[in-house]
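J.: The structure follows.
All of the numbers you see were taken from the coordinates with simple rules; none came from a lab. Nothing here was measured: the structure is a model prediction, and the numbers come from that model. Here the Cβ is made from the backbone with ideal geometry for all residues, glycine too, and neighbour counts use every protein chain on show.
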Amino acid sequence: MRAQAERARCAPTPTSVSATLVYMPTEHQPVLAPELTALLAPQPGQTAVDCTFGAGGHARRIAAAIGPSGTLVCIDRDPAAEARFDRFAAAAPGRARFVGADYAAGLRTLRDEGIRPDMIYMDLGMSSMQVDAWERGFSYSYDAPLDMRMDTRQELSAADLVNEWPESGIAQALRRFGEERYASGIAREIVRRRPLQTTSDLVAAVKAGVPASARFGGGHPAKRTFQAIRIAVNGELDSLDDALPTAWGMLPVGGRFAAISFHSLEDRRVKRFLAERARGCICPPDLPVCACGREPEAELLTRRAAAPDAEEVAANPRSRSAHLRAAVKIAANAGGEA
């Protein structure tokens, strides 16, 4: 009740909602943790950057591998993550540091400090703690205020988006960030029903905005809408586009990068970014001799994305959509940075 009261004080929308008591998992299960650790191959004394600390599931594995002489820097934009980090750091075997920022800004801070880590990794999307904190409004399964902010200090919330954006802007966001085929109908219903105050209000608008045949099969009809609004509120794809080149530029030759994504919009960005850096000559195929002189900067460690096996999916259903991609830096950046 204390957390609910505090949230009511800070939230930009009314919080007097009737929440149904539901089971919320308390034990965090990091996705693809053995696979991530194997691909990063951490060694004692190395420096690692965890761009999305969350509950520290991956960080614990990496900290154990780099040992007492290693350094682990953890980035997270969620203020609640800092308290979890403090508990983690108290038990960590080596040096640990927290940077409270989204990963694009956090990586720029570390780059400007001259930090050259041996590995950088990302676990993209929402953390389990954010999903399970019903009052933060990330899930369509709980009746809660429309919030969806990963950083609760930022101004824009889901309530601001659905109640203030024009219908065309909402529809564009649903198509771009949710790949929602019924974006126009959903946006029209959202605007017609304003003001929307809770996740249940949004779910009702979605159901009214899609054909009856689309409400059954293929998962919850509001899944894509919630994903799209969350991504738009938090600027997730822009942050990823900024963070990828920054992370790659920070790595020395021999450094490793890995990212776990949970939907195609993220995975495509990571895949294309790494594939571009693993690409060599770009001369026309009919040119007998290479004229571009381009050499690969990366060696892909995952030709195809690694995915959870059936055992992991059974133990942790949220891992079902996860894709892990990784690469090792084999040459200096095209701009000359090692």
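J.: Please list, in order along the range 233-248, the HN-Hα scalar couplings obtained from phi with the Karplus expression 6.51 cos²θ - 1.76 cosθ + 1.60 (θ = phi - 60°), rounded to whole Hz, x for Gly and Pro.
T.: Here the 3J(HN,Hα) series is 4, 9, x, 5, 6, 4, 4, 5, 4, 6, 6, 4, x, 5, 4, 5 Hz.
J.: If r is the Cβ-Cβ distance from ARG193 to THR152 and R0 is 30 Å, what FRET efficiency results, to the nearest 0.05?
T.: 0.75
J.: Under the rule of at least 5 residues apart or a separate chain, name every residue whose amide H is placed under 5 Å from the amide H of THR198.
T.: Placed amide hydrogens put LEU146 under 5 Å from THR198.
J.: For Rg and Dmax of the Cα atoms in Å, the choices are (1) 19.7, 67; (2) 21.3, 72; (3) 18.2, 51; which was calculated from the structure?
T.: Checked against the structure: label (2).
J.: I've got another one for you. Of all the stretches in the chain, which is the longest one without any exposed loop site, taking GluC sites (Glu not before Pro) in a DSSP loop (any state but H, G, I, E, B) with at most 14 other Cβ atoms within 10 Å? It would help to have the intermediate numbers written out before the result.
T.: Values: sites that count: GLU27, GLU113, GLU155, GLU179, GLU337.
Counting at most 14 other Cβ atoms within 10 Å as exposed, the longest clean stretch of the chain is 180-336.
J.: Now for a separate question. Quick check: residue separation of SER69 and SER264 times 0.36 nm, minus the Cα distance between them. What number comes out in nm? Kindly include the intermediate steps, with their values, before the conclusion.
T.: On the way: separation 195, 0.36 × 195 = 70.20 nm, distance 3.75 nm.
66.4 nm is the gain from fully extending SER69 to SER264.
J.: By DSSP, what percent of the beta bridges with both residues in the chain are antiparallel, rounded to the nearest 5?
T.: Antiparallel: roughly 40 percent of the beta bridges in the chain.
J.: Rank the residues CYS292, CYS281, CYS51, CYS74 as a footprinting-exposure proxy: fewest other Cβ atoms within 10 Å of their Cβ go first.
T.: Going from least to most buried by this count: CYS292, CYS281, CYS51, CYS74.
J.: Moving on to the next point. Starting from the Cα-Cα distance between ARG108 and ALA204, subtract it from 0.36 nm times their residue separation and give me the gain in nm to one decimal. Walk me through the intermediate numbers first.
T.: Numbers: separation 96, 0.36 × 96 = 34.56 nm, distance 4.07 nm.
Once the chain is fully extended between ARG108 and ALA204, it gains 30.5 nm.
J.: Calculate one ³J(HN,Hα) per residue across the range 273-284 by plugging θ = phi - 60° into the Karplus curve 6.51 cos²θ - 1.76 cosθ + 1.60, and present them in order as whole Hz with x for glycine and proline.
T.: 4, 5, 4, 4, 7, 8, 7, x, 3, 10, 5, x
J.: Under a point spin-label approximation (7 Å from Cα along Cα-to-Cβ), what is the SER321-ALA278 distance to one decimal in nm?
T.: 2.4 nm
J.: Follow-up question, since we're still on this one. Assuming 0.36 nm per residue, please report the length gained on full extension of the stretch ARG95 to ALA291 beyond their Cα-Cα distance.
T.: Values: separation 196, 0.36 × 196 = 70.56 nm, distance 4.70 nm.
Stretched fully, the ARG95-ALA291 segment lengthens by 65.9 nm.
J.: Which longest run of the chain has no exposed loop site in it, a site being trypsin sites (Lys or Arg not before Pro) in a DSSP loop with at most 16 other beta carbons within 10 Å, and the site itself not part of the run? Walk me through the numbers on the way to the answer.
T.: Values: sites that count: ARG153, ARG181, ARG193, ARG279, ARG294, ARG303, ARG304, ARG320.
My reading of the result: 1-152 is the longest stretch.
J.: Given H placed 1.01 Å from N in the peptide plane, which residues other than close sequence neighbours of ILE330 have an amide H under 5 Å from its amide H?
T.: Distant-sequence amide H within range of ILE330: GLY254, ALA298, GLU299.
J.: Would you mind calculating the relative contact order of the range 285-329 from Cα pairs under 8 angstrom and at least 6 residues apart, reporting the percent as a whole number?
T.: Numbers: 37 pairs, mean separation 20.7, N = 45.
46 percent.
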